[in-house]
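To keep things clear, I will list the structure first and then write my remarks on it.
The values are calculated or read from the model by the stated rules, or taken from the named source; none is laboratory data. These figures come from a predicted structure and were not determined experimentally. With ideal geometry, Cβ positions are generated from the backbone for all residues, glycine too; neighbour counts draw on all protein chains shown. Each accessible area value is taken on the protein alone, full model and side chains, heavy atoms only, with ligands, DNA and RNA left out. Shrake-Rupley method; radii C 1.70, N 1.55, O 1.52, S 1.80 Å.
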Amino acid sequence: MAAMMQPQIILLKEGTDTSQGKAQVVSNINACMAVADVVRTTLGPRGMDKLIHDDKGNTTISNDGATIMKLLDIIHPAAKILVDIAKSQDAEVGDGTTTVVLLAGEFLKEAKPFIEDGVHPQNLIRSYRTASNLAINKIREIAVSIEGKSLEEKKKLLEKCAATTLSSKLIGGEKEFFAKMVVDAVLAIRSDDRLNLIGIKKVPGGTMRDSFLVNGVAFKKTFSYAGFEQQPKKFHNPKILLLNIELELKSEKENAEVRLSDPAQYQSIVDAEWNIIYDKLDKCVQSGAEIILSRLAIGDLATQYFADRGMFCAGRVTEEDLQRVAAATGGTVQTSVNNIIDEVLGSCEFFEENQVGNERFNIFSGCPKALTATIVLRGGADQFIEEAERSLHDAIMIVRRALKNSTVVPGGGAIDMEISRYLRQHSRTIAGKAQLFINSYAKALEIIPRQLCDNAGFDATDVLNKLRQKHASGGGSSYGVDINTGGIADSFANFVWEPSLVKINAINAATEAACLILSVDETVKNPKSESVQGEAAASAMAGRGRGRGGRGMRRR
Ligand code: ADP
Ligand code: MG
């Protein structure tokens, strides 16, 4: 009787749903494998692209792992971790985003049978971490430095790196052309870390080959007022004034109320406004600048005023562009026109407004600080140019990384095969179950060459056998998939290179993600947050996550 009187212990709120145990781990693994399957086919130079369109009717064509993952709108809580690692890889190194997702998926796939057999996830996690450390040390050992070479040689090597990244993209056909452009752009900003100093401007129309690089800043002509036509459009060695103020005559506000006793006073109010603007304009002219740029509007009065004095102006320049002009020309953005000293004015060798396709561009070249570069991208469809921009971004990141870290490893699955071989060999020295786990990790690494083959339509089993043989024989450590013939080839000799940082980061991030997912054995869903997220998300969750776990238990 006493026992029946005891109150029930309530741990979680009514309606809270929890799934736990082995089933939960396996369910999470399944979800992650499904995500990896989505990006699988995009890997490598023969990878396919994905066309994603959302409910707003926007379509995106992409080959970039991070972009695809972002657009997929994944709601499974565990699978979201994969989205995060793809994003972090993108932010950290800019390339290898597909690789990182694939690796994480494969690590989990290899872990699944062990989990199902009752192995404790912590044992697996420990071995995976060991394997990852061994792998990273091995990469550092294999990596070849490009330091100490002459600029010309370095440039060539960097172009090869950029070309490898671009070869898997939509613009792969023109990879040499773009690789050169990317390297020039990166070398132009030298060691400066701010990526936004490289601008990429997209102008639909023309062919890819019409794209060009400006050693300086270029931006689309801003909205301009009457009088603009009379302004000169070419300057040699102009001084440039950068402003963050409005040069516009303010019309009287309609709903403002001014009480006057004498009609003559009204005129003085109107005059005051004119005096203010003329004063500002005079000060701009007196500064000695020939080009005036402002973040804010430059109205017709100002435009005409400058035109009459043989000056050029552009208002509503975007913040980003203005900062880049400042960095390139050595000017400083002013918030007032009072006391403009010579030091705050920028300068460049040549300014011109030019027609590119259907657009007019303001181009500043030969800048003294020259810490900026602008790539003007041309090409057919919008989606095409956008994907081209993303691809160039990847390549720019790679070149910057290679320049900074200056070590590379052979790509095309060569490095992955080599680490795999090394780990297998190493695992033989380990006793106990850990041997099996490290072996599985080693096997998972083979997914990269395997997928490269699959995506190119080669017989993966055959190629992988050849690769294993070659790597085991010693001296074949840089052999990878030959994407042209379907056989194997020395990736190093063929200049299929990757910065070692891409691989190190990918292996590290993928291992961490896999371990994280393995270590989660319970998902608790709070009923409140569910209702906030809305019905749609909740029902989708039930369909995917919980449905697969199957054994979600209700706790009361
Ligand atoms: P990620 O988003 O991971 O960078 P990619 O689609 O760019 O994915 O593919 C990168 C993989 O393709 C790397 O493993 C790289 O070594 C390989 N790869 C790139 N170019 C070649 C090539 N010409 N031959 C063989 N493999 C290549
Ligand atoms: Mg890539």
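Structure above, values below:
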| quantity | calculated |
| --- | --- |
| Subset of region 438-467 (residues that are small (Gly, Ala, Ser) and in contact (Cβ under 8 Å) with a residue 24 or more places away in the chain) | Ser440, Ala442, Ala444, Ala456, Gly457 |
| Helices (runs of 4 or more DSSP H) (entirely within region 390-467) containing at least 1 residues that are of a type in the set (D, E, K, R), more than 16 Å from ligand 2 (Cβ to nearest atom) and buried (at least 20 other Cβ atoms within 10 Å of the Cβ) | 414-427, 447-456 |
| Residues that are without any contact (Cβ under 8 Å) to a residue 40 or more places away in the chain, of a type outside the set (S, T, N, Q) and away from ligand 1 (no atom under 15 Å from the Cβ), drawn from region 29-71 | Leu51, Ile52, His53, Asp54, Asp55, Lys56, Gly57 |
| Selected residue [in a helix (DSSP H, G or I) and open to solvent by 20 Å² or more (accessible area, probe 1.4 Å)] from Glu147, Glu141 | Glu141 |
| Hits in region 86-138 - residues which are within 16 Å of ligand 2 (Cβ to nearest atom), touching a Ser or Thr at 6+ places or on another chain (Cβ under 9 Å) and not small (Gly, Ala, Ser) | Lys87, Gln89, Asp90, Asp95, Thr97, Thr98, Val100, Leu103 |
| Residue ranges of strands (runs of 3 or more DSSP E) in region 306-380 with at least 1 members in contact (Cβ under 8 Å) with a residue 60 or more places away in the chain and farther than 26 Å from Asp184 by Cβ | 312-314 |
| Per-region count, region 470-498, residues away from ligand 2 (no atom under 16 Å from the Cβ), in a loop (DSSP other than H, G, I, E, B) and either of a type in the set (Gly, Ala, Ser) or out of contact with any strand residue (DSSP E or B) (no Cβ under 6 Å at 6 or more places or on another chain) (or both) | 12 |
| Every residue from region 281-317 that is out of contact with any Asp or Glu (no Cβ under 9 Å at 6 or more places or on another chain), farther than 19 Å from Phe235 by Cα and open to solvent by 10 Å² or more (accessible area, probe 1.4 Å) | Asp282, Lys283, Arg316 |
| Leu377 being within 16 Å of ligand 2 (Cβ to nearest atom), under 16 Å from Leu213 (Cβ atoms) and of a type outside the set (Val, Ile, Thr) | no |
| Pair list, Cβ < 7 Å and 6+ apart or interchain, from region 169-182 residues that are under 15 Å from Glu387 (Cα atoms) to residues that are aromatic (Phe, Trp, Tyr) and within 16 Å of ligand 2 (Cβ to nearest atom) | Ile171/Phe178 |
